[in-house]
Number of protein chains: 2
Amino acid sequence: MRNRSCVMRLLRYKNALLKLKALNFVRVFSDNLADAAGVTSAQVRKDFSIFGITGNRRGGYQVGDLIENLSHILGKDKDYEFIVVGVGNIGKALMRYDGFEKSGIKISAGFDIDPTKYDPGAAVAVYDLSKLNEYVVKNKIRFGIIAVPEFAAQQAFEVMINSGIKGVLNFTPARLKGPEDCIINNINLETELESIIYFVNVADKTGGK
Amino acid sequence: MRNRSCVMRLLRYKNALLKLKALNFVRVFSDNLADAAGVTSAQVRKDFSIFGITGNRRGGYQVGDLIENLSHILGKDKDYEFIVVGVGNIGKALMRYDGFEKSGIKISAGFDIDPTKYDPGAAVAVYDLSKLNEYVVKNKIRFGIIAVPEFAAQQAFEVMINSGIKGVLNFTPARLKGPEDCIINNINLETELESIIYFVNVADKTGGK
DNA sequence: AATAAAATGTGAAAAAAATCACAAAAAATA
DNA sequence: TATTTTTTGTGATTTTTTTCACATTTTATT
Ligand SMILES: NC(=O)c1ccc[n+]([C@@H]2O[C@H](COP(=O)([O-])OP(=O)(O)OC[C@H]3O[C@@H](n4cnc5c(N)ncnc54)[C@H](O)[C@@H]3O)[C@@H](O)[C@H]2O)c1
Ligand SMILES: NC(=O)c1ccc[n+]([C@@H]2O[C@H](COP(=O)([O-])OP(=O)(O)OC[C@H]3O[C@@H](n4cnc5c(N)ncnc54)[C@H](O)[C@@H]3O)[C@@H](O)[C@H]2O)c1
């Protein structure tokens, strides 16, 4: 099934393959990909089977072909632009990161309501939130990142949706409500840290110190 | 079962409950929590059932009791300190964030190999990586965050493990290898964005025009 | 006090995901 | 060319997770 975790695995396979390709690998086996992605080889083959990706019995898979196949399935034939709403700690960290390019992702602008954040001349320009609609429509942006304080998240989201954005990565703890056809991925750093605490505490109790 | 997604849900319930408490709510029903966490009410009750949390038939749950129960299960009776390794874009964003306190989380120091990052006098001090062991041992730190470049991730991880750290949040795309008893949570922002692209593209093709 | 209404708690059922296991194909070897 | 070895591809099986559905309990109402 084309569920989230399956797609996340495909992305991991693709990243592992890109590294193998950089090392001039030509062939790869499901076992290798399994190790790289932290799953079983049967899982790798099953995932490929679901998406109709085939290899060569006894010969494994051609690295180049596999990357092409996965890139096509994952819609990464071309580059995609994201905007960031909320140019604070997280927003800035994302805008300054130079590693997205190699994944075909570009952060093309930031938006904020704090005038001290505006910087239309920067490498990644920062504009007033009121300019978002115009910018998104003109540049046909379809993806955005929400990095505003929690209380402003739903409002920022609605501005984005109304401008035509179809997919967002939400860093706030808020659970956004919007149209069915908008994809929302949530990252909650607090709960990530809290879950680590939980599992370490459990290991302490059971695994015996 | 006490698996990751179940624990993540409990954390979401707890966060929703803290907000309800702030609004002076006394009672809450599984339906309310379901809405807040984006799951079904049966899921909420099943989760509680697994952990032996009970409410009052017809009367729902007492907000205060529930928070206490969940906090106990989730091991959040006291505060926990994290260190950050790699004080770059992401590392700094985390160290400057002032919202962790309310979850009982404190980022107590940062470590880097770049001398220009050292800042022992800062609100959250930044030290040379070589000081990590001493600091972690002395302060009995058990949790850390990895925000170094990918190539340095495994090395940084090993320094942390050897100092006694038991749980890490890893922002690099690297798949860390270490002892069984160390908890590793991975956040891969690239694949998060890429998966959004995938699902929006799929929705485009199937869902409509 | 009897009846009705509302919400929990949980086994049973269903759905989803992962693993197994092995025939089929391809390559290597004899 | 025949045999052996290796790895894929996938139906069947198992495991895990979620949902269903309803008896049970509690509160409210008459
Ligand atoms: N920084 C972290 O490490 C961290 C950790 C956990 C969660 N978060 C969450 O991520 C989000 C962002 O955190 P942060 O630390 O970057 O916050 P921040 O306060 O540093 O930045 C928020 C930015 O959003 C801007 N803003 C406020 N309202 C806005 C609006 N309506 N439209 C556009 N911009 C607006 C502010 O001017 C500010 O620049 C928060 O919801 C926070 O809860 C952050
Ligand atoms: N910033 C983002 O938005 C973003 C997005 C996706 C992924 N990531 C990943 O997160 C990680 C951090 O990204 P960033 O943008 O913060 O990087 P960065 O380059 O801004 O910061 C990395 C820091 O780590 C330090 N460092 C290098 N080697 C070290 C070592 N061995 N020990 C201790 N410190 C060391 C560097 O001096 C630097 O200060 C990277 O692995 C990156 O792939 C970041």
Could you identify the single residue in A:Asn201, A:Asn185 that is of a type outside the set (Gly, Ala, Ser) and within 16 Å of DNA strand C (Cβ to nearest atom)?
A:Asn185
Filter region B:14-43 for residues that are away from chain A (no Cβ under 14 Å) and among the β-branched types (Val, Ile, Thr); which is farthest from DNA strand D (Cβ to nearest atom)?
B:Val28
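Picking from B:Asp47, B:Asp31, B:Asp35, which residue would you name as being within 26 Å of B:Asn186 (Cα to Cα) and among the acidic types (Asp, Glu)?
On the way: B:Asp31 fails: within 26 Å of B:Asn186 (Cα to Cα); B:Asp35 fails: within 26 Å of B:Asn186 (Cα to Cα).
Within the list B:Asp47, B:Asp31, B:Asp35, the selection yields B:Asp47.
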Would you call A:Asn185 in contact (Cβ under 8 Å) with a residue 12 or more places away in the chain, in contact with a helix residue (DSSP H, G or I) (Cβ under 9 Å, 6 or more places away or on another chain), surrounded by fewer than 18 Cβ atoms within 10 Å (Cβ to Cβ) and at the interface with chain B (Cβ under 7 Å from one of its Cβ atoms)?
yes
Failed condition for A:Ser130, given (1) more than 14 Å from chain B (Cβ to nearest Cβ); (2) touching a strand residue (DSSP E or B) at 6+ places or on another chain (Cβ under 7 Å); (3) farther than 19 Å from A:Gly167 by Cα, with all others met?
(2)
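Determine whether region A:108-131 contains at least one residue that is under 20 Å from B:Tyr198 (Cβ atoms) and under 14 Å from the mean Cα position of the chain (by Cα).
So far as region A:108-131 goes, no, none of its residues is under 20 Å from B:Tyr198 (Cβ atoms) and under 14 Å from the mean Cα position of the chain (by Cα).
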Any chance you could count how many residues in region B:157-176 are within 29 Å of A:Phe100 (Cα to Cα) and away from chain A (no Cβ under 13 Å)?
3
Whichever residue in region B:195-209 is in a helix (DSSP H, G or I) and either aliphatic (A, V, I, L, M) or more than 7 Å from chain A (Cβ to nearest Cβ) (or both) and, among such residues, is nearest to the chain's Cα centre (by Cα)
B:Ile196
Please pick out the residue among A:Ser49, A:Ser5 that is within 16 Å of the chain's Cα centre (by Cα) and free of Cβ contacts under 8 Å to residues at least 60 places away in the same chain.
A:Ser5
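Suppose the filter is buried (at least 18 other Cβ atoms within 10 Å of the Cβ), within 15 Å of DNA strand D (Cβ to nearest atom) and modelled with pLDDT of 95 or more; does A:Leu66 pass it?
Working: buried (at least 18 other Cβ atoms within 10 Å of the Cβ): yes; within 15 Å of DNA strand D (Cβ to nearest atom): yes; modelled with pLDDT of 95 or more: yes.
Against the criterion (buried (at least 18 other Cβ atoms within 10 Å of the Cβ), within 15 Å of DNA strand D (Cβ to nearest atom) and modelled with pLDDT of 95 or more), A:Leu66 qualifies.
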Exception for A:Val87 within (1) more than 10 Å from every other protein chain (Cβ to nearest Cβ); (2) at pLDDT below 95 falls at (2)
Does at least one position in region A:154-172 carry a residue that is within 16 Å of DNA strand D (Cβ to nearest atom) and either surrounded by fewer than 16 Cβ atoms within 10 Å (Cβ to Cβ) or in the same structural domain as A:Met95 (by TED's automatic domain parsing) (or both)?
no
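Looking at the structure I just gave you, is A:Phe100 surrounded by 15 or more Cβ atoms within 10 Å (Cβ to Cβ), touching a helix residue (DSSP H, G or I) at 6+ places or on another chain (Cβ under 8 Å), over 17 Å from A:Val124 (Cβ atoms) and among the aromatic types (Phe, Trp, Tyr)? Can you show your working first?
Values: surrounded by 15 or more Cβ atoms within 10 Å (Cβ to Cβ): yes; touching a helix residue (DSSP H, G or I) at 6+ places or on another chain (Cβ under 8 Å): yes; over 17 Å from A:Val124 (Cβ atoms): no; among the aromatic types (Phe, Trp, Tyr): yes.
Against the criterion (surrounded by 15 or more Cβ atoms within 10 Å (Cβ to Cβ), touching a helix residue (DSSP H, G or I) at 6+ places or on another chain (Cβ under 8 Å), over 17 Å from A:Val124 (Cβ atoms) and among the aromatic types (Phe, Trp, Tyr)), A:Phe100 does not qualify.
Is it true that A:Ile53 is within 30 Å of A:Ile141 (Cα to Cα) and among the hydrophobic types (A, V, I, L, M, F, W, C)?
On the way: within 30 Å of A:Ile141 (Cα to Cα): no; among the hydrophobic types (A, V, I, L, M, F, W, C): yes.
Here the answer is no, as A:Ile53 does not meet what is asked.
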Restricted to region A:110-121, and to residues that are surrounded by 12 or more Cβ atoms within 10 Å (Cβ to Cβ), more than 16 Å from ligand 2 (Cβ to nearest atom) and not hydroxyl-bearing (Ser, Thr, Tyr), which residue is farthest from A:Ala156 (Cα to Cα)?
A:Asp119
Being touching a Ser or Thr at 6+ places or on another chain (Cβ under 6 Å) and under 17 Å from A:Glu68 (Cα atoms) is the filter here; which residues of region A:15-40 pass it?
A:Ser30
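Going by what's in this entry, would B:Ala174 be described as in contact (Cβ under 8 Å) with a residue 40 or more places away in the chain and within 14 Å of ligand 2 (Cβ to nearest atom)? Steps first, answer last, please.
On the way: in contact (Cβ under 8 Å) with a residue 40 or more places away in the chain: no; within 14 Å of ligand 2 (Cβ to nearest atom): yes.
When the stated conditions are applied, B:Ala174 does not pass them.
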Suppose we filter A:Ile90, A:Ile107 for residues that are within 16 Å of ligand 2 (Cβ to nearest atom) and assigned to a strand (DSSP E or B); which single one remains?
A:Ile107
Quick one: B:Pro179 ticks every box in (1) more than 10 Å from every other protein chain (Cβ to nearest Cβ); (2) crowded, with 21+ Cβ neighbours inside 10 Å; (3) in contact with a helix residue (DSSP H, G or I) (Cβ under 9 Å, 6 or more places away or on another chain) bar one, so which box is it?
(2)
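The values are calculated or read from the model by the stated rules, or taken from the named source; none is laboratory data. Bear in mind the structure is a predicted one, so any value in this text is a computation, not a measurement. Here the Cβ is made from the backbone with ideal geometry for all residues, glycine too, and neighbour counts use every protein chain on show.
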